[in-house]
Amino acid sequence: MKKYTYNQLSVLQYILLIHGAQVGIGVLTIPRELAEKASTDGWISLLIGWLAATLVSLIITNMMKQYPEKTIIDIFPLILGKWLGRVAIALMSIYCGIAAFVLLINATGIINVWLLSQTPAYVVVFLFALPTYLVIQGGVRAIGRYAELVFYLTLWIPFVLTTAYREVHWLNLLPVIKEGWHPIWEASKSTVLSFLGFEFGYFAYPFLQKKQYASLGIVIANTLTMLVYISVIIVCFAYFSPDEIKEYTWPTLNLWKAIEFRFLERVDILFLSSYLFILSTTASPYIYFCVFSSSQLFGMKDHRKHLRLFLLLVPVALWLYTPSFIDLKKASQIWSYTGLFFAYALPLLAWGPIKLSKRAEGGKKA
Amino acid sequence: MRAFQILLCSFLVIMLAGCKDQINLEDTTLTLMLGIDLNEKNELLYFISSPVFNREAKEKSEQYGIRSSTIREARMGFDERVTGLTQPGKIQVLVMGKKLLAHPDWFRLLDVVFRDAKFSVNARMAVLDGPLHELFDFKPKDKPRLSIHVTTLIDTANNRNLTVKTRAQELHRQMYEKGMTPTLTELKKEKKAVKVMGTALLKENGTYAGSIEPRDTILLQMLLHEKQGELSVTIPIKEPNEHNQIVKDRISFFIKGVQKKVKTTYQNGRFHFDVHFKLRVSVSERMFPFDMKKDYKKMERMISDELQKDYMKLIKKCQEIGADPFGFGLYARAYEYKEYKKVEDDWTKAFSNATVEIKPDVSIKGNGVIK
């Protein structure tokens, strides 16, 4: 029963789907978050976070290998039984829903601060919802292709960023490990969460065409994300003074704001507009797997009904209540905590039992 | 379905035209130059200068000055007077009165520049020696619009390193950075022109500490950025010569390349900075006879000595007025972190105790097209 063969992902799409899900609003804030805790040594914390995320991703892939044709929500009922399984599916769907919602309101918040300060949040999020619907209704493959397309479309970003190199002060990065290892460990806790998105290994694995590349693919995705983060962090640390960088909510955007060409002022506006594509590749897998899980929960084959409902609910929610910047921060925190459980704790907990049950099955057959 | 799509498309076209943030260009008044000053009664004054693009208008730019407490509040006053909506996104120059800089909390006035995302942070920061209304009321017949003129003036003077170009974003860094003090472009309104006076040095808390001439700014810029833009230096050479001549013994040269190495140490309770310069120069003007072929080594030494003397004078001056525009604190942080951490909150004091040694090593690479 190959349920997902009609919707297969190539290895590149698999990599970029996961990478796209990882790189989102985090890039805009991570230089400050790290600077607050570990000053300019934050990049070491990032490497630690990357190591942790890669290890857990490998565990997830290994776990999914036991059921090559099933996503996590097909596995839940098998292990936990029908009812507990349904609860688990519902929780998974809620987790993805929270993540998607947090991403959408954060993106809206940023747009409201930087670009459209007079436009109400629900209008902005409604405008997000329309193209998102068009992409997600096509299923995993469409999302994978979209992630690939966006990746190509945003390749110019690092090149424009190099113009900021004229005003960097590499001295800011010295000395390395200035206050010992303690703050670095402290900061690595938050970098662990910057890599959230690799948990799509749960969902994307059965869609992958060439399953032998799954482990390699997820490692590449994590590494790609690490490279994006580390280049942004290092440029920010070298550009802003370590005493100053904590002043900015989104240091990465301020970096763009200072770039100026003879023919173009305010590169930040251009950048932010195209950054919406990157944000969309983060939000869309979460939205998809949220409605995918909930549709399966209700035994529906077509995920589009729930998708329409979800994309309608978000603007309505924002119409009823516009979240303040404190709410946004709290919402992100909630996502981090749930993410810590679903992405890190769950595979560590489930890996052992799944391995054992598989072995027992194998023993029975033999 | 088709009808739905067409409906959706037309709906989007209507909605997407800037949403509610739509601004028509003809309704805007682009502020290109903003000024903040204090009057005799210590009240804050705000000035703007904006270009006028109307064919019927006889003047090509409009300027207003009003009394207000903050920049945002001043916008209200300007909007009551100017034709369109004042827009802060294109500000090119931000001028402060020298009187304002005597107060340590002036930097807080700029909060909106960094808080409002629509504000341009690329405005060049300048200080005017004198009352600001003189500058904003200045309508030179032989110059482009005042704001454009001042912008270009600062940019080109900076290209020749006669002054620094501190943009708002950079000022924010310099203000927050504990290991250095801020520098601004210093301007003066003369009878017929706006003149670049060099570089204003600020103290750690942002108050005005003193200024250095364009000639010293070249040295400062070289220490900060190595080679950037054009570096042309003229120095006196002491050769035994008869008196009362009109042509003084001067030599001018371009600096073609700079390599800087700073060695930072901490000994006996004070920081020690050893700056080793490798300069490649090309002579562009010589006011006295000299046999370059034979004695170029001697000339190299003379130039080195003269530069060293100038540098020591400049650094001594900065140490005396309590400023570190060179950012030696960054070196101290990078290489003597433990000791720096102890004094970082009062770095300028530690810097005034520090010993700085500059060792220029000049090598003449060119002599022009005549002998």
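The values are calculated or read from the model by the stated rules, or taken from the named source; none is laboratory data. In this text the structure is predicted, and so the values were computed from the model without any measurement. Counting neighbours? That spans all protein chains shown, and the Cβs are built from the backbone with ideal geometry, glycine included.
Quick rundown of the values:
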quantity	calculated
Test result for B:Lys338, surrounded by fewer than 19 Cβ atoms within 10 Å (Cβ to Cβ) and in contact with a helix residue (DSSP H, G or I) (Cβ under 8 Å, 6 or more places away or on another chain)	no
Segment A:220-252 - residue that is under 22 Å from B:Ala334 (Cβ atoms) and assigned to a loop (DSSP other than H, G, I, E, B) and, of those, farthest from the other protein chains (Cβ to nearest Cβ)	A:Pro242
All positions within segment B:157-171 that are under 14 Å from B:Ala126 (Cα atoms) and within 14 Å of another protein chain (Cβ to nearest Cβ)	B:Asn158, B:Val164, B:Lys165, B:Thr166, B:Arg167, B:Ala168, B:Gln169, B:Glu170, B:Leu171
Residue in segment A:199-214 that is surrounded by 19 or more Cβ atoms within 10 Å (Cβ to Cβ) and more than 27 Å from A:Lys70 (Cβ to Cβ) present	no
Number of the exception - B:Gly130 against (1) within 13 Å of another protein chain (Cβ to nearest Cβ); (2) modelled with pLDDT under 90; (3) over 20 Å from B:Glu59 (Cα atoms)	(1)
So A:Thr281, is it under 22 Å from the mean Cα position of the chain (by Cα), β-branched (Val, Ile, Thr) and surrounded by fewer than 19 Cβ atoms within 10 Å (Cβ to Cβ)	no
Helices (runs of 4 or more DSSP H) lying entirely in segment A:101-161 (those with 1 or more residues that are crowded, with 22+ Cβ neighbours inside 10 Å)	A:121-136, A:139-153
B:Pro104 at pLDDT below 90 and within 26 Å of B:Ala57 (Cα to Cα)	no
Odd one out for B:Gln174, checked against (1) within 11 Å of chain A (Cβ to nearest Cβ); (2) more than 20 Å from A:Glu260 (Cβ to Cβ)	(2)
Verdict on A:Leu196 being more than 25 Å from B:Gln169 (Cβ to Cβ) and either away from chain B (no Cβ under 14 Å) or without any contact (Cβ under 8 Å) to a residue 12 or more places away in the chain (or both)	yes
Out of A:Leu279, A:Leu255, A:Leu297, A:Leu307, sole residue that is within 14 Å of another protein chain (Cβ to nearest Cβ) and of a type outside the set (Val, Ile, Thr)	A:Leu255
Single match in B:Ile66, B:Ile36 (criterion: more than 14 Å from chain A (Cβ to nearest Cβ), without any contact (Cβ under 8 Å) to a residue 40 or more places away in the chain and either within 22 Å of B:Gly130 (Cα to Cα) or not in a loop (DSSP other than H, G, I, E, B) (or both))	B:Ile66
Segment B:144-155, subset farther than 15 Å from B:Ala200 by Cβ and touching a Leu at 6+ places or on another chain (Cβ under 9 Å), residue farthest from the other protein chains (Cβ to nearest Cβ)	B:Leu146
Residue satisfying condition, being of a type in the set (Phe, Trp, Tyr), over 17 Å from B:Ile235 (Cα atoms) and surrounded by 13 or more Cβ atoms within 10 Å (Cβ to Cβ), within set B:Phe273, B:Phe253	B:Phe273
Residue satisfying all of: in segment B:105-127; within 15 Å of the chain's Cα centre (by Cα) and within 14 Å of chain A (Cβ to nearest Cβ); nearest to B:Asp37 (Cα to Cα) among these	B:Met125
Residue list for segment A:163-178, filter: part of a loop (DSSP other than H, G, I, E, B) and facing another protein chain (nearest Cβ under 9 Å)	A:His169, A:Leu174, A:Pro175, A:Lys178
Residues that are more than 19 Å from A:Ser241 (Cβ to Cβ) and polar (S, T, N, Q), drawn from segment B:321-371	B:Ser352, B:Asn353, B:Thr355, B:Ser363, B:Asn367
Matching entry among B:Ile23, B:Ile6 (being within 14 Å of another protein chain (Cβ to nearest Cβ) and at pLDDT below 85)	B:Ile23
Matching residues, segment B:80-104, being away from chain A (no Cβ under 14 Å), touching a residue at least 24 places away in the same chain (Cβ under 8 Å) and over 18 Å from B:His149 (Cα atoms)	B:Val82, B:Thr83, B:Gly84, B:Thr86, B:Gly97, B:Lys98, B:Lys99, B:Leu100, B:Leu101, B:Ala102, B:His103, B:Pro104
Set B:Ser10, B:Ser69: member being closer than 29 Å to B:Asn205 by Cβ and surrounded by fewer than 12 Cβ atoms within 10 Å (Cβ to Cβ)	B:Ser69
